[in-house]
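Okay, so here's the structure we're looking at.
FYI, it's all coordinate maths here, none of it is from the lab. Not measured: the values here are computed from a predicted model. Backbone-built Cβ (ideal geometry, glycine too); neighbour counts: all protein chains shown.
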Amino acid sequence: MIQRIRESDFIRNILVLFSGSLLSQLIPFFVLPILQRYYYSPADFGFLAIFVSFSELFSSVASGKLEYGIVLQSRERNAINLFFGALKIVLIVTLISCVLVLIFRNSIADYLEEPRMSNYLFLVPVYIIFFSMTDLFSYWNNRKRRFATISWAKLVQTGTSESVKLLAGVMNLGVFGLIIGRLSGFIGAVFFYVRTFLKRDSRALKLLDNTISRETVRENKKFILFSTPSVFLGNLINVVYLQLFLVYFGEQMVGVIGVSMTYLSAGFGVVAISFSQVFYSKLAETRKKEELLHMYKRFAKNLALLALVPVVIVYLIPSSFVANLLGEKWLELMPIARIMVFWLAAWFVSSSLSFIFIRLQKQKVLLYYDLLHLLIILAGFFIGRAFSDDMESALWGFSIARFLFYIFVIGVAIQMIKHVDEKTL
């Protein structure tokens, strides 16, 4: 086994990313219970969840998803010019967001049914630029196969974020401390990435050319046309379902759902993020249809088995233990986590392998599936409420709908690989 790891760049790179991700996710596991018990209420975390979902609705697509194209460039000149082409788009989107926030901040707060939001929307443009830059630098280092650098950046991001949240809690800054904490994590990661870039890649700056930059952006416009709306829809789903639970069950329940997501996503995401980055790099090198199919099926099976571990752990932890640890106000945390863990397990497998659609140049198809996804979760939520007018029934309906959708996507990916024209790979 050890010999196999030494000989396999793929496994070794996953382990490098996994180790960094694991350390970065251990920090919230130690800090979050302290924040929950002593400094922040479920309603505070509910507000944070709404702010983050709204901010990432735009920050996740501000680059036009051109970072995906950076990994696929065969020449350094094209890659660096695409990087800076995407960065220019980010700056334009950030400026537009500043204007929109100034004009419509009260309307946005009313729409989100959260009056306090108008006091914090000025942070959205800052969130957009630093979130986007973190993504761009991450994929630049993916192209360079510097997975250790990505791991260190994750560690800097989480360490900075949780430290600031803790300090803000001690200073009694309330929900503002949670927002600043999350934002500071991205800022810390960007400073780390910039320092690393200037040390290792400053020569690449000599390859910058505005004409080439425009050409590479144009050549990769499929990411703007299809990946961007697809990712936007994916994040819109987060906004929609949080709004549904906010309107029908209140901010405190949104906070409990948000914290449940934080714990579960940390458990699943530590592997998903590490795996998907290296998997995308591996996909870019693969030219045989049979090899792609074998790789996808094998990893889907292994990831599904791995996903069972968090499911079992969640069901073994008594609700009383969590209540004793965090306080009575978090008594509903484990029951909610036990409902959500199933769809997150399916999401874990599907998202870890989702770059297959980009590799097959099926970004347009993903857009249609995300529209279907939105309709399915709306149907699941209201069908759940039809059975019983309580939060648990709505959450079961929502969770079952998402679970079925992710299983469907995995099956679709297998069929697409089988029928792809090998000449296009």
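Structure notes:
- The charge dipole of the chain, taken about its Cα centre with unit charges on the Cβ atoms of Lys, Arg (+1), Asp and Glu (-1) only, comes to about 1900 debye.
- Positive-end residue of Phe176, Leu360, Ile410, charge dipole of region 2-424 with Cβ unit charges: Leu360
- Lys/Arg +1, Asp/Glu -1 at C-beta; the chain dipole; positive extreme among Phe398, Ile376, Leu72: Leu72
- Long pairs among Lys154/Lys221; Lys154/Lys222; Lys301/Lys418; Lys88/Lys154; Lys88/Lys199; Lys154/Lys288, criterion Cα-Cα beyond 26 Å: Lys154/Lys221; Lys154/Lys222; Lys154/Lys288
- Length gained when the stretch Asn324-Arg145 is fully extended (0.36 nm per residue, less Cα-Cα span): 60.0 nm
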